[in-house]
Amino acid sequence: MEPRSKIRTIIVFCLFLAIAGIIGFGYFCQDQVCALSKRAVILQSSDILAYNELPLHQANSINGNANGNSNGNGNSVGGITAMASKSSAPQNIIANAGLSYEDVLNDDFQFDMDGHDVMVFLHIQKTGGTSFGRHLVRDLDLKRPCECQRQRKRCYCFRPHRNENWLFSRYSTGWKCGLHADWTELTSCVDVELDKNEGETAKRRYFYISLLRQPIARYMSEYRHVRRGATWKGSRHWCLGRQATAAELPACYKGKDWLDVDLDQFAGCESNLAANRQTRMLADLALVGCYNKSSMPAHERDRVMLASAKRNLAAMAYFGLTEYQKMSQYIFEETFNLRFAIPFEQHNTTISATAVQNLRPDQKRRIEKLNSLDIELYAFAKTLLFQRFEHLKAKDTNFEQRYANLGNIYFKQGVTEFNWDSNVEDGLSTDH
């Protein structure tokens, strides 16, 4: 009997260790690292490929399924996973992607400054985001305006009754998730960084916002910026728990910068992230093996990345287009029930637009090919923006007066007129 008793004791002990190990591994290991094998991550891409083929109204209805079906972190899961039911592949991991546009269309929706709502600005280079970011912290009409200090690129954007951030952006919190952090980086980082910053864990609702720009003009603006000596060496390119390696992202130049590079050289570097930047920064890069381009064929990688970017953009609480500034301002104000104290002025000619007109035909064709994903994404975004505008316009019984007087809050002092286009060509800085 004694040997059997010992065997039973050993079996029970082993079972205890196994259960404890499973629980401990699940608790301490990051979701995006432990929940999927590399093969599973790649397989999941089939869940969203249909997004490239769907008419926009159907894509909207899919995201609309998320309305009222958010998880504990405020993540809209219904719309994104709806397509997965058509496929036998596992469902895609949803990070802290925030509430969708459909969620905020509820009649009783209110961006709660006094609660735990946080606006997260995904700032894509050369889209006018620097100027827009400044006006988020300077020119919104708030109960407790952001406190900006002279000679500093930082403002304190606190809630009305306590010192907690309602805005996660360059000018409020700084580049906490890395320089120009993309969707992949932000959704896995923002919650952690705010917990650190505020010294406590909170159940927050996140609202992601971003700006897009006509791809060729944006590409030329980035080229001109880099040619003047700008770099973004501080960018982490973080995905699935690690940074991109030098082998995955080889440097396009030797030395400290790419000063005076000519356009053909700029376009000729295969690892230049300027190409299709907007698509890459809005996509869930975990679906394509992050920056490891050997994980799937190039055409498949492009299809998955574009579908993911479209899905994430459509699910965002807000996005604007540089070329449609007044419309973008109206959509922002109606979406969040917040008012800017300045009008967004529209000027159709920028330095980069002129540069595009001066391109040789072969250069223009090459740049269009390099940015083919961004061109398709922008067309999708433009159609979606107009749909959102028409929807909000139809609900607004006072539309004509509201639209004609955007930004006319006369009682706010010290406000200067905001010309978005004239500020799109940012001054030289490595962190723009």
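The values are calculated or read from the model by the stated rules, or taken from the named source; none is laboratory data. Values in this document were obtained by computation on a predicted structure and should not be read as measured data. Cβ placement follows ideal geometry from the backbone for every residue including glycine, while neighbour counts extend to all protein chains displayed. Accessible surface is based on the protein model in full, side chains and every heavy atom, while ligands, DNA and RNA are left aside. Shrake-Rupley method; radii C 1.70, N 1.55, O 1.52, S 1.80 Å.
When 268, 241 are screened for being open to solvent by 20 Å² or more (accessible area, probe 1.4 Å) and out of contact with any helix residue (DSSP H, G or I) (no Cβ under 7 Å at 6 or more places or on another chain), only 268 passes. Scanning segment 135-151 for residues that are in a loop (DSSP other than H, G, I, E, B), charged (D, E, K, R) and within 25 Å of the chain's Cα centre (by Cα) yields 139, 141. Being in a helix (DSSP H, G or I), at pLDDT below 95 and β-branched (Val, Ile, Thr): is that true of residue 130 here? Answer is yes for this residue.
So is residue 303 surrounded by fewer than 23 Cβ atoms within 10 Å (Cβ to Cβ) and either touching a helix residue (DSSP H, G or I) at 6+ places or on another chain (Cβ under 8 Å) or part of a helix (DSSP H, G or I) (or both) or not?
Details: surrounded by fewer than 23 Cβ atoms within 10 Å (Cβ to Cβ): yes; either touching a helix residue (DSSP H, G or I) at 6+ places or on another chain (Cβ under 8 Å) or part of a helix (DSSP H, G or I) (or both): yes.
Spelling it out, residue 303 is indeed surrounded by fewer than 23 Cβ atoms within 10 Å (Cβ to Cβ) and either touching a helix residue (DSSP H, G or I) at 6+ places or on another chain (Cβ under 8 Å) or part of a helix (DSSP H, G or I) (or both).
In the set (1) of a type outside the set (S, T, N, Q); (2) modelled with pLDDT of 95 or more; (3) surrounded by fewer than 22 Cβ atoms within 10 Å (Cβ to Cβ); (4) in contact with a strand residue (DSSP E or B) (Cβ under 9 Å, 6 or more places away or on another chain), the condition left unmet by residue 236 is number (2).
Criterion first (surrounded by fewer than 15 Cβ atoms within 10 Å (Cβ to Cβ) and closer than 24 Å to residue 228 by Cβ) does residue 350 satisfy it? Give the steps one after another, and end with the answer.
On the way: surrounded by fewer than 15 Cβ atoms within 10 Å (Cβ to Cβ): no; closer than 24 Å to residue 228 by Cβ: yes.
For residue 350, the condition - surrounded by fewer than 15 Cβ atoms within 10 Å (Cβ to Cβ) and closer than 24 Å to residue 228 by Cβ - is not met.
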